[in-house]
Amino acid sequence: MRDMIQWGILGPGDIARVFADDLVHAPHARITAVGSRSQERADDFAAKYQIPYAYGSYKELIENPDVDIIYVATPHPMHKEHVQACLQAGKAVLCEKSFTMNAAELEELVVLARKNKVFLMEAMWTRYLPAIEKVREWLASGVIGDVHMIDVRFGNHAVWNPESRLFNPSLGGGALLDVGIYGVSFISMVMGQQPTTIKSLVKLGATGVDEVFTALFGYEGGQMAHLMAGLSLKSKHEVTILGSKGEITVPDFWQAKTVVLSVYGKQEETYVDKAAPRGYTYEANEAMRCLREGRLESAIMPLDESLAIMQTMDRLRADWGLKYPFEASVASHEKPSQ
Ligand SMILES: NC(=O)c1ccc[n+]([C@@H]2O[C@H](COP(=O)([O-])OP(=O)(O)OC[C@H]3O[C@@H](n4cnc5c(N)ncnc54)[C@H](OP(=O)(O)O)[C@@H]3O)[C@@H](O)[C@H]2O)c1
């Protein structure tokens, strides 16, 4: 693997633009090619970011021999097909969240990546932020004692548009796969396991997708977590982790720059990430570090954990009776796999 890593962008939409803006801050990284369903959109994106190759198809992007890794940024119902095509061609992949629509789809991709020995990673960008690394460091040090509970809120008021990817079931709409996933993933990171018990309530909107939900998770050791997410209400995007000796608060946790440690009887400690690069640089750096070291997955966001998180989300949707138009059924995964 060369020192300079050459990226391909598949699906030049909103998040691909943010990712490309941030990739400028990653050392030894270059966007070499972009693939769109339209030559015009590929050309526009390529002109903006000075990308040498612009293709009017995803196939041509995947076939470019100079590209080391492809960032898949299409809506989540298309992730399986697009990631599969990359892996079959031996191309490493960083895939946007939600990784896939359900655990069965993701399992196929994980099996394929492992069979073909190709790098695959979920672009759960929150995981790779320095502020979240600080949370993991504090938790590992035992400074807040035993973790008993987590509370997560992520309400995002989205403009109602039944055709948009947020509300349209054919485009994978719903709060869980758009914003709830950040909470499910964060809770999984802290607890290091999936819940044995899930209780939840949901409000399904006019298009049939989950517009607001609240869930309680219970764990083998007696720990608990509460998660609330929604597309039709505005809330702080905040996490509180409660331990036997204190708590950690993460304001705006999905794009965290600040984390606060309160240990009872001690002065409050605040960590602020003052680094210049924007958030998406960190996930790109982690993917490139793995490639340079010849790793097939990231230890920060392992594939088995991505899969277990997807199973937990399947369990929530099974409770709500929410299946997408292209799903025959949604598995309930009664027993967590980790
Ligand atoms: N990490 C984050 O913070 C974050 C934030 C927002 C979104 N996301 C994730 O990123 C993914 C894309 O979201 P986005 O907001 O960037 O969406 P978007 O603006 O709609 O862009 C998606 C792109 O995918 C391509 N595409 C391929 N098939 C499509 C189809 N059937 N319908 C619509 N577009 C299709 C389109 O590009 P061409 O037609 O030009 O190929 C489109 O521009 C989603 O999975 C979302 O959850 C992540």
### Task
Could you please find all residues in segment 283-321 being open to solvent by 10 Å² or more (accessible area, probe 1.4 Å) and hydrophobic (A, V, I, L, M, F, W, C)?
L291, L296, A299, I300, L307, A318, W320
### Selection count, segment 110-147, where residues are under 14 Å from K80 (Cα atoms), part of a helix (DSSP H, G or I) and within 16 Å of the ligand (Cβ to nearest atom)
0
### Query
Do we find that T258 is of a type in the set (S, T, Y), open to solvent by less than 50 Å² (accessible area, probe 1.4 Å) and away from the ligand (no atom under 16 Å from the Cβ) in this structure?
yes
### Summary
The one condition R153 fails out of (1) in the same structural domain as A225 (by TED's automatic domain parsing); (2) without any contact (Cβ under 8 Å) to a residue 24 or more places away in the chain; (3) more than 12 Å from the ligand (Cβ to nearest atom) is (2)
### Query
Scanning for something under 19 Å from T100 (Cβ atoms), under 15 Å from the mean Cα position of the chain (by Cα), among the aliphatic types (A, V, I, L, M) and at pLDDT 95 or above, does segment 291-298 turn up at least one residue?
no
#### Entry: Residue check, K80 within 12 Å of the ligand (Cβ to nearest atom) and either at pLDDT below 95 or open to solvent by 40 Å² or more (accessible area, probe 1.4 Å) (or both)
yes
### Selected residue (criterion: farthest from the chain's Cα centre (by Cα)) from residues of segment 83-99 that are within 11 Å of the ligand (Cβ to nearest atom) and open to solvent by less than 20 Å² (accessible area, probe 1.4 Å)
L94
### Summary
Taking first residues from segment 136-148 that are under 20 Å from M224 (Cβ atoms) and second residues anywhere that are assigned to a loop (DSSP other than H, G, I, E, B), the pairs with Cβ under 6 Å that are 6 or more apart or on different chains are I144/K245; G145/S244; G145/K245; D146/S244; H148/Q223
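Here is a yes/no grid of residues against (1) more than 14 Å from S98 (Cβ to Cβ); (2) buried (at least 17 other Cβ atoms within 10 Å of the Cβ):
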position: R153; (1), (2): yes, yes
position: W160; (1), (2): yes, no
position: Y182; (1), (2): no, yes
position: G192; (1), (2): yes, no
position: T197; (1), (2): yes, no
position: A206; (1), (2): yes, no
position: G218; (1), (2): yes, no
### Query
Among E107, E63, which is within 18 Å of the chain's Cα centre (by Cα), surrounded by fewer than 21 Cβ atoms within 10 Å (Cβ to Cβ) and more than 12 Å from the ligand (Cβ to nearest atom)?
E107
### Query
Which residues, taken from segment 1-41, are open to solvent by less than 30 Å² (accessible area, probe 1.4 Å), within 13 Å of the ligand (Cβ to nearest atom), out of contact with any Gly (no Cβ under 6 Å at 6 or more places or on another chain) and of a type outside the set (S, T, N, Q)?
G8, I9, G11, P12, G13, A16, F19, A20, D22, V34, G35
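The values are calculated or read from the model by the stated rules, or taken from the named source; none is laboratory data. All of these numbers come straight from a predicted model, not from anything done at the bench. Ideal geometry is used to build each Cβ from the backbone, glycine not excepted, and the neighbour counts take in all protein chains shown. Only protein heavy atoms, including side chains, enter the accessible area calculation; ligands, DNA and RNA are left aside. Shrake-Rupley method; radii C 1.70, N 1.55, O 1.52, S 1.80 Å.
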